[in-house]
Amino acid sequence: MLNKLRALFSLYKRFGLCWLLFRFAYALRMRLGILRWQFPVYEWNDRPLKVWLKPDAPSAPEEYLAWRRQRAPKFFFDAIPSLPNNPSWNPQLAVDEAEKILAGELRYFEHTPCQIGFPPDWHLDPRTNVRVDATKHWSQIPDYGAYDIKFIWEASRFSQVYTLMRAYAFNKDERYPAAFWTLVEDWMRNNPPQRGPNWKCGQETSLRLLAWTFGLYAFSDAPSSTPTRRALLTQLIAAQTERVHRNIDFAVSTRGNHAMSEGFGLWLAGTLFPELKRAETYRAIGREILEREAATHIFADGAYSMYSLNYHRFILHVYFLAMRLGELNDARFSDALYQSISRSLDFFAQLIQPESGEMPVYGSNDGALVCPLDSCDFTDYRPTLQMGWRLVHGKSLFDAGAWDESLFWLWGESALRSERDAAPRQMSQGFPDGGVHILRGQSSVAFIRCADYRERPSHADQLHVDLWMRGQNIAVDAGTYLYNGQGLWQNGLARTSVHNTVTVDDADQMLWFSRFTWGEWARGRVLKHDEHVWQGEHNGYARFGVKHIRLVISLEEDRWLVVDHLSGDRLHRFSLQWLLNDFPYSVVPEENAIRLKGESDFYVRMGLLEGDAKFSLVRGDERSTRGWRSRHYGQKEPALSVRLDADRAEAVFWTFFGFDGDSVLPSGQNLELKIANRSICLSIVSSGELMKQIYP
């Protein structure tokens, strides 16, 4: 209880009394049933299309369709476009996936196939086989229980639409638009207004609005797209938009991607459906939120305030779609917004591995992808950069490939002939607002986290290091796995102990308040950053009287040395962990070392400058979160956790990353490194002296 009060007080200091009172009042409204009164249940027939339209817009299906054909705003395309000859992507992949959808299989979180039937059970968590009561008002349904509500929401995001649409463009199989309408009508029958889990979240509603809009335009000429069905879909869109609008203040209070996505939902409906009574209000509010939130939450260095690359990509897709539609409808967003997005693209361009499209996993990684318009893997960020570069610079960043399919859908075939821009030079540099710092070797790179948080952190991971050597991710991030699992899997991979850093007395760097909220945020500070050396510290363990300084050095020919200095005034348990990729390995226990066999053979050795330390290696411990990583939400896989534990008042750990044939010979306060037929003797009495020895 004391920790919760301390965490609550720290949120008050960060966000102020008004924010805290709003959140408390909202929770009280939910508990007392006031939200059920403010969002009353009704039946679809109680509010037919006519109720939602302006007086001059006809509501009879045939007349309404004729009215839309004459006045509908511009979308990315008017009807399903014809694919180019010899596209740089494989259209058959979309067809194969569409057939799986018709057979009842859906890829959850853009990766994991689940058999859910067709149409699916919209209220079932297929992971736990728990079904949520759809007769209850949405405010009576907990976010978490014996289920993870994200697994229930996933089917109702309607990401199936993008697959069906892409497959239909290739072979014009009329089963695909028919499947779209089957899904929409079944969803309508099983999700009456304001009831069930799929009315609970405005962000999920906004993503559904987007998918439905794509389906409406993509299948407009299909025989199954009857006037009655198209009018019905507008009715559904209107009802869902009202749900978002009436609760938009809560989305803004989350201080994250919900405000952006829900603002986009309002702007989308107001822009593309001007016949709705409140279209102008939706459009104005949505635009204002999109502009304001970008100015507030996209930092000056291009990083994003949620401290998550997955969520950063999420909001970039939201803005790409909004800005492109704005251009098409003579409603261009501000130059300031374009500049913010441009800075984010520059940030991504420094983090991406161009050969694979991968980026380090940073913060919450829950499978969110706004608009999957290609068959690239979820971990591939090239579609995002390719779209953004086209939007901001009018050029392509990468040569033609599977990532170009997104360009085709948003800009048409002409975008595939775009001039290619010169890729930004990747270099050692820091992004202090986002707390991301990059140190590069010859063909290796370290991504270091050290943030002075301005918004809520998602993981307690100060001084964590991701390390890529010769194209392979050696020291990895654990990811997320589940927000709500049983026991230790309740967002357990957000904890300090699973990150590549040091824990003190098995405690987190910050106070755990809830699965999404930390109190008493650890503050990071960069002490030095140049071409070869980075040094920083954080105060997360000041409550224990402990100071942690980390030094990261890029040595010659892609070798790395990391030194951690822990100083306290009494005995503590210091634990240094590195989570390594799950390569075939052999352990050299007498050296506290492990050899990894990848495309190159790597050598990792750890040590303590003075005194004894216990070395251990764990791979996928079934009783703890140790030795696991999750690259896709809802899936975990083994990784190699190597750890040194020492009970001391002060400790200096060192870790060497090299290759087969290298060696480290510790002697007192000295290290002799034998690398590439050369010996380097280092004294690590202090990190400052060590830097002078290597780079005088």
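The values are calculated or read from the model by the stated rules, or taken from the named source; none is laboratory data. In this text, all values refer to a predicted model and were calculated from it rather than measured experimentally. With ideal geometry, Cβ positions are generated from the backbone for all residues, glycine too; neighbour counts draw on all protein chains shown.
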inquiry  = If I ask for residues that are among the aromatic types (Phe, Trp, Tyr) and touching a Ser or Thr at 6+ places or on another chain (Cβ under 8 Å), which ones from region 192-241 would you list?
reply    = Trp199, Phe219
remark   = Only one of Gln240, Gln235 is of a type outside the set (Phe, Trp, Tyr), in contact (Cβ under 8 Å) with a residue 40 or more places away in the chain and over 23 Å from Thr296 (Cβ atoms), namely Gln235
task = Have a look at Gly487, Gly545 and point out the one that is small (Gly, Ala, Ser), more than 24 Å from Tyr311 (Cα to Cα), more than 28 Å from the chain's Cα centre (by Cα) and surrounded by fewer than 20 Cβ atoms within 10 Å (Cβ to Cβ).
result = Gly545
query = Of the residues in region 437-494, how many are closer than 11 Å to Gly363 by Cβ, of a type in the set (Gly, Ala, Ser) and assigned to a loop (DSSP other than H, G, I, E, B)?
reply = 3
task = Mind listing just one residue for me: the one in region 453-482 that is aromatic (Phe, Trp, Tyr) and surrounded by 20 or more Cβ atoms within 10 Å (Cβ to Cβ) and, of those, nearest to Gly536 (Cα to Cα)?
result = Trp468
task = Scan region 322-346 and report the pairs whose first residue is in a helix (DSSP H, G or I) and whose second residue is at pLDDT below 95 and not hydroxyl-bearing (Ser, Thr, Tyr), with Cβ atoms within less than 7 Å and a gap of 6+ or a chain change.
result = Asp346/Pro424
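Residues checked against (1) among the polar types (S, T, N, Q); (2) modelled with pLDDT of 95 or more; (3) surrounded by 21 or more Cβ atoms within 10 Å (Cβ to Cβ):
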residue	(1), (2), (3)
Trp560	no, yes, yes
Asp569	no, no, no
Leu576	no, yes, yes
Lys597	no, no, no
Ser616	yes, yes, no
ask   = Among Thr228, Thr281, which is the only one that is over 22 Å from Phe158 (Cβ atoms), assigned to a helix (DSSP H, G or I) and hydroxyl-bearing (Ser, Thr, Tyr)?
value = Thr281
task = Might you check whether a residue that is of a type in the set (Val, Ile, Thr), in the same structural domain as Thr205 (by TED's automatic domain parsing), in contact (Cβ under 8 Å) with a residue 60 or more places away in the chain and loosely packed, with under 14 Cβ neighbours inside 10 Å occurs anywhere in region 122-141?
result = yes
ask   = From the set of residues in region 273-328 that are among the β-branched types (Val, Ile, Thr) and surrounded by fewer than 24 Cβ atoms within 10 Å (Cβ to Cβ), which is farthest from the chain's Cα centre (by Cα)?
value = Thr281
query = Which pairs have Cβ atoms under 9 Å, sit 6 or more apart or on different chains, and link a residue in region 664-688 that is in a strand (DSSP E or B) to one that is modelled with pLDDT under 75 and of a type in the set (Asp, Glu)?
reply = Ser683/Glu689
query = Counting only residues that are over 18 Å from the mean Cα position of the chain (by Cα) and either aromatic (Phe, Trp, Tyr) or over 23 Å from Gly524 (Cα atoms) (or both), how many does region 454-484 have?
reply = 7
